[in-house]
Amino acid sequence: SDHSLDYPTSPDDMDWTKLYPYYKTQDGKISKQVEIADIGCGFGGLTVALATQYPESLILGMEIRVQVSQYVEDRLLALRENSRVKGEYQNAAVIRANAMKFLPNFFKKGQLSKMFFCFPDPQFKQRKHKARIVTTTLLSEYAFVLKEGGIIYTITDVLDLHNWMVKHLDAHPLFERLDKDWEEKDDCVKIMTVSTEEGKKVSRNHGSKYIACYRRVADPEL
Ligand code: SAM
């Protein structure tokens, strides 16, 4: 349950400098905005991998479980401390949050360039499907915070969930699917396939990984 979670009333109410102190300016503001979100980041393997892949971008893991988000926080602090490269891992942070709620309170319209949904909880039971992280309503929120040309990445080992996500994303007017050629050339597809803890588990068990990536298209002309 997330009764105890605090949400900013708007993106400007977030004190991002607490999460990314390296990017704090003289006047106490933050010099960059979060651009990449790892939704349900779990133990943070992808968040960590993206930090070095995109050293110029701020990356945010969002995780609902207290202990797990605390683990990722400690992990990132240790990486920052032990790095010999100036600024390394300073661009990655985690917050404990229910990503299905109030995402536009965290991010402004068009702020994000990439959102990752790696091995989301399958919510197998029919009556639990509405609890899935990809639904028509939530996709409209994801479209709001993504910039035009921004990408939603999804990967799962559960075929039924993959089909569900594809069905909802295909039906959404603000997303278009990227083809296999694109997937093969994209760095992030590679990274998300191998770097998350859940993905590693699936590999060890020789499971399948189903991928679907979508581009945020322009808002329709009014
Ligand atoms: N992405 C990670 C990976 O691939 O290793 C974790 C996958 S794990 C199966 C799903 C994660 O999503 C869990 O850590 C769970 O706590 C988190 N989660 C589920 N619902 C969430 C929500 N509404 N907001 C944020 N995190 C959520």
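The values are calculated or read from the model by the stated rules, or taken from the named source; none is laboratory data. Please read these numbers as outputs of a predicted model, since none were measured by experiment. Using ideal geometry, Cβ is built from the backbone for each residue, glycine included, and neighbour counts are taken over all protein chains shown.
Looking only at the stretch 70-92, which residues are under 16 Å from the mean Cα position of the chain (by Cα) and part of a loop (DSSP other than H, G, I, E, B)?
Answer for the stretch 70-92, where residues must be under 16 Å from the mean Cα position of the chain (by Cα) and part of a loop (DSSP other than H, G, I, E, B): just Asn91.
List pairs: first residue in the stretch 123-135 and touching a residue at least 60 places away in the same chain (Cβ under 8 Å), second residue not in a loop (DSSP other than H, G, I, E, B) anywhere in the structure, Cβ distance under 8 angstrom, at least six positions apart or on different chains.
Ile133/Ile39; Ile133/Phe117
Restricting the search to the stretch 1-43, which residues are of a type outside the set (A, V, I, L, M, F, W, C) and in contact with a strand residue (DSSP E or B) (Cβ under 8 Å, 6 or more places away or on another chain)?
Answer for the stretch 1-43, where residues must be of a type outside the set (A, V, I, L, M, F, W, C) and in contact with a strand residue (DSSP E or B) (Cβ under 8 Å, 6 or more places away or on another chain): Thr17, Tyr20, Tyr23, Lys24, Ser31, Lys32, Gln33, Glu35, Asp38, Gly40, Gly42.
What pairs can you find where one residue is in the stretch 179-200 and more than 9 Å from the ligand (Cβ to nearest atom), the other is among the acidic types (Asp, Glu), and their Cβ atoms are less than 8 Å apart, with a gap of 6+ or different chains?
Pairs that qualify, where the first residue is more than 9 Å from the ligand (Cβ to nearest atom) and the partner is among the acidic types (Asp, Glu), are Val189/Glu183.
Residues Ile95, Ile59, Ile36: which one is part of a strand (DSSP E or B), within 12 Å of the ligand (Cβ to nearest atom) and β-branched (Val, Ile, Thr)?
Answer to the check: Ile95.
Within the group Thr9, Thr47, which residue is in contact (Cβ under 8 Å) with a residue 40 or more places away in the chain and assigned to a helix (DSSP H, G or I)?
When all the criteria are applied, what remains is Thr47.
For Thr47, state whether it is at pLDDT 95 or above, of a type in the set (Val, Ile, Thr) and in contact with a helix residue (DSSP H, G or I) (Cβ under 9 Å, 6 or more places away or on another chain).
Criteria met by Thr47.
Tell me which residues, restricted to the stretch 12-33, are outside any loop (DSSP other than H, G, I, E, B) and under 21 Å from Tyr142 (Cα atoms).
Within the stretch 12-33, Asp12, Asp13, Trp16 meet the criteria.
Starting from the stretch 98-122, keep only residues that are in contact (Cβ under 8 Å) with a residue 40 or more places away in the chain and within 17 Å of Arg216 (Cβ to Cβ), then list their pairs with residues that are within 7 Å of the ligand (Cβ to nearest atom) and of a type in the set (S, T, N, Q) whose Cβ atoms are within a distance under 9 Å, requiring at least 6 positions of separation or different chains.
Every condition considered, the pairs that remain are Phe116/Thr196.
Output the number of residues of the stretch 166-175 satisfying the condition of being farther than 17 Å from Phe144 by Cβ and surrounded by 14 or more Cβ atoms within 10 Å (Cβ to Cβ).
1
Mind listing whichever residues of the stretch 62-92 are among the β-branched types (Val, Ile, Thr), free of Cβ contacts under 8 Å to residues at least 40 places away in the same chain and either buried (at least 16 other Cβ atoms within 10 Å of the Cβ) or more than 16 Å from the ligand (Cβ to nearest atom) (or both)?
Val68, Val72, Val85
What is the number of the single condition among (1) in a loop (DSSP other than H, G, I, E, B); (2) among the charged types (D, E, K, R); (3) within 14 Å of the ligand (Cβ to nearest atom); (4) surrounded by 16 or more Cβ atoms within 10 Å (Cβ to Cβ) that Lys101 does not meet?
So the condition that Lys101 fails would be (4).
Evaluate the following for Tyr210: is it modelled with pLDDT of 95 or more, crowded, with 19+ Cβ neighbours inside 10 Å and either under 26 Å from Gly110 (Cβ atoms) or touching a Ser or Thr at 6+ places or on another chain (Cβ under 9 Å) (or both)?
For Tyr210, the condition - modelled with pLDDT of 95 or more, crowded, with 19+ Cβ neighbours inside 10 Å and either under 26 Å from Gly110 (Cβ atoms) or touching a Ser or Thr at 6+ places or on another chain (Cβ under 9 Å) (or both) - is not met.
Every residue, every condition in (1) farther than 19 Å from Asp187 by Cβ; (2) among the acidic types (Asp, Glu); (3) in a loop (DSSP other than H, G, I, E, B); (4) more than 16 Å from the ligand (Cβ to nearest atom), yes or no:
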| residue | (1), (2), (3), (4) |
| --- | --- |
| Met115 | no, no, no, no |
| Lys128 | yes, no, no, no |
| Ile133 | yes, no, yes, no |
| Tyr142 | yes, no, no, no |
| Lys147 | no, no, no, yes |
| Gly150 | no, no, no, yes |
